[in-house]
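Remarks on the structure that follows.
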Amino acid sequence: MIRRFGTLLGLIAIIATFSVLRPDTFMTVPNWLNITQQVSILAVVAFASTIVMVTGAFDLSVGTMASLAGMIAAAAMQADLGIPLALALALTAAAVGGAFNGFLVAYLRIVPFVATLGTLTMFGGFALLVSDGSTIYGRAIPAAFGGFGRGGIPLGTIDGRAVLLPNLTLVAAGVLIVTWLLLEHTGYGRRLYAIGGNRVAARLAGVRTRLALLGAFVASGVGAGIGGLMLASRLASANPTQGDGLMLNAIAAVFLGVTLSQEGEPRVLGTLVGVTILGVLANGLTQLQIDTYVQQVLTGVIVVGAVAVGSLRRREA
Amino acid sequence: MPKFLVRTLAVFILATSFAFAQNGRVAVMTPYLASATTRIMVDEVETALQDLGYTVDVIDTAGDLAALDARIQDVILQDVDAIVLSANPELVPAAVEAAGAAGIPMFGLDAGSLQGLTVDVTSNNYAMAAQTATYLVDAIEGEGRVLMLVHPPYAPVQKRGAIARAIFDNTPDIEVMDEVFIEVPGPLENARNAVEAVLTANPEPGSIAGIWAAWDEPALGALQAIESLGRGDEGIVIVGLDAIGPAREAIVGDGAFRATVAQDFVGIARTVAGVVDEALQGDDVARRTIYVPAALLTRDDLR
């Protein structure tokens, strides 16, 4: 029990520690709503990455795809194309980028690490090209778009301050539900797990593995695109590199989630736990005034430790 | 695992919990601490505020603006007394708005915009770029091909590039051969690689008259490229901006690097600390941008 749910217990221990040490500011409704908002963008990218990682593949391009989607939307809004068309253009580009990844991996049989490493650079280059390297911000971004990332559903007031259920949290919850339904409750999800288990066996069992893989990469690209749009909305700006850092954290979150799975497979609810651990650590360690660089080391140690414990558990099983 | 976490956290908490506010607590937030110049300013403002009796938390998000937004929200919830921001506030509008709503004043440390801030203390990037671009035009006698090393995503550096380009475009016999985007982090090495490629593609002596770098690290990279390819005797003139230590040393030597501009980073940081103190002591602080003068430093000045 402890071995199986060690990561979850670790999260509970982390929360308990921060609650004891910062009782006035950590375990409060505003702070938890703040944490959900802070992790929402990473969560969406990580949920989408889970879909690809279920098949045993990787998508290293999600970070630069997020940057690219944000840049395309911002450039379209700057050109007065309107918010709906800007969003549609960005998500179409994300889907096409994902499909290109899927084509490279499923049809040209390029190793996912190599294929998406190449497209990582490619998408990053496109993001720079869109605005000639500049950041798009200020009046170019419509108030409604920037307002969405800052807004939410009013829940009341605490200590005279308005408390909102952030819109970005709601978007992340929606993506979580869709991903969970897709992976756990559809035939397509089962086929993806079958590919992850043994691609050859899945193909011999009648699974159209190439098409299924292509679909997984499209989903990953679209998820990264949604994450990039959320980021652009939250910051009311688009910078050609602002989503790049999401990739490593998304993969770390998926790996943390894998430690909760008996079979050692990525599960989207496990990814949610992984994302929460990263978010809570960042928030709590900042509240404890721990040096930023120590925070980074500590977070890395915890990720490696959790994954190592999970790996040892499976070896013993 | 939980035991490990608790123990590790306990060590750090013990190590950090001895600090307590005397006059108050100030958070210094930046995504750019890896930059040499930001480091100088942040270290100086930290020391100056500590000398004034404040507890200072320095938080760097390593280039990540979303993390900067999140960490600002965290310190707001902790009710810090003031926030010093070393980044453009227009890139984290939600956090700036939240600080305003919570009544926490924000001060810009070379932020480049006053939006949502009480005061921004900075150098005038337009003026500094005009100083180095004009120096370069004069040094190459208004004639030849110029390579620009730029980084437009960072607004202050974008301003520098825009004004330098305008000056070059306004000089009839100067041709801007390219504006090369220098990636950060790693500006020195990225600039060296880029300039080596440009030099290799332009092998004729005299085919490049000058290299204008938006800050010193790419200028140093350009200098390394010229020297490694043995093109140091062609009279190529390099100018940088910021006057960091290695740039000053390079300018004093006999190489192609000829001038930079010394921003008064210590002055900027101390001015910010002073303004923060005034505001937190209850003095009226007028909302404004304070420009701290910067000086062109040439080889003659440094020798």
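The values are calculated or read from the model by the stated rules, or taken from the named source; none is laboratory data. Keep in mind that what you see is a predicted model, and the values were worked out from it rather than measured. Note that we place each Cβ from the backbone using ideal geometry, even for glycine, and neighbour counts take in every protein chain shown. These accessible areas exclude ligands, DNA and RNA; they are computed on the full protein's heavy atoms, side chains included. Shrake-Rupley method; radii C 1.70, N 1.55, O 1.52, S 1.80 Å.
Observations, loosely collected:
- Simple Cβ-charge dipole of chain B, Lys/Arg +1 and Asp/Glu -1, about Cα centre, in debye nearest 20: 620 debye
- 10 Å Cβ neighbours from other chains, averaged over peptide B:93-101: 4
- Shape descriptor for chain A: Rg over Rh equals 0.98 (Cα atoms; Rh from the Kirkwood inverse mean 1/r).
- One Cα centroid belongs to the stretch B:188-262, the other to the stretch B:29-64; the line between them spans 29 Å.
- Using a Förster distance of 22 Å, the FRET efficiency for B:V266-B:D301 (Cβ separation, nearest 0.05): 0.75
- Apolar share of the accessible surface for chain B: 50 percent from carbon plus sulfur atoms, 1.4 Å probe.
- Sum of side-chain charges, B:D57 neighbourhood, beta-carbon under 15 Å (Lys, Arg +1; Asp, Glu -1): -4
- Listing of the stretch A:207-239 residues, each with accessible area lower by at least 50 Å² in the full protein assembly than in the chain alone (probe 1.4 Å): A:R234, A:L235
- Computed [θ] at 222 nm, helices only, for chain A once each DSSP H run of length n ≥ 4 contributes -39500 (n - 2.57): -24000 deg cm²/dmol
- Square roots of 5 times each gyration tensor eigenvalue, C-alpha, the stretch B:125-262, largest first, Å: 19, 17, 14
- Two-site FRET efficiency, A:A79 against A:V114, from Cβ-Cβ distance with R₀ of 35 Å, rounded to 0.05: 0.50
- From the alpha carbon centroid of the stretch B:75-98 to that of the stretch A:235-264 is 25 Å.
- One way to sum up the overall shape of the protein assembly as shown is the equivalent ellipsoid from its Cα gyration tensor, whose semi-axes run 42, 32, 22 Å, largest first.
- Peptide A:292-298 has a mean of 4 when you count, residue by residue, the C-beta atoms of other protein chains within 10 Å of its C-beta.
- When only the Cβ of Lys, Arg, Asp and Glu is charged (+1, +1, -1, -1), the dipole of the protein assembly as shown relative to its Cα centre reaches about 3480 debye.
- Buried area at the B:A interface is about 3700 square angstrom, summed over both chains, from accessible surfaces computed with a 1.4 angstrom probe.
- Counting, for every residue in A:142-154, the Cβ atoms of other protein chains within 10 Å of its Cβ and taking the mean gives 1.
- Surface accessible to a 1.4 Å probe, per residue, for the residues of chain A, Å²: 41 Å²
- Annotation: per residue accessible area for the stretch B:202-280 equals 32 Å², rounded to a whole number [probe 1.4 Å, protein chains only].
- Label-point separation, A:R161 to B:E204 (7 Å along Cα→Cβ), nm: 6.5 nm
- The share of Cα pairs per 20 Å bin across chain B, counted from zero up to the longest distance, runs 32, 49, 18, 1 percent.
- For the protein assembly as shown, the residue among A:F123, B:V84, A:G197 whose Cα projects farthest onto the positive side of the dipole built from Cβ charges is A:G197.
- Rounded Å value of the spacing that divides the Cα centres of the stretch A:146-170 and the stretch A:37-70: 25 Å
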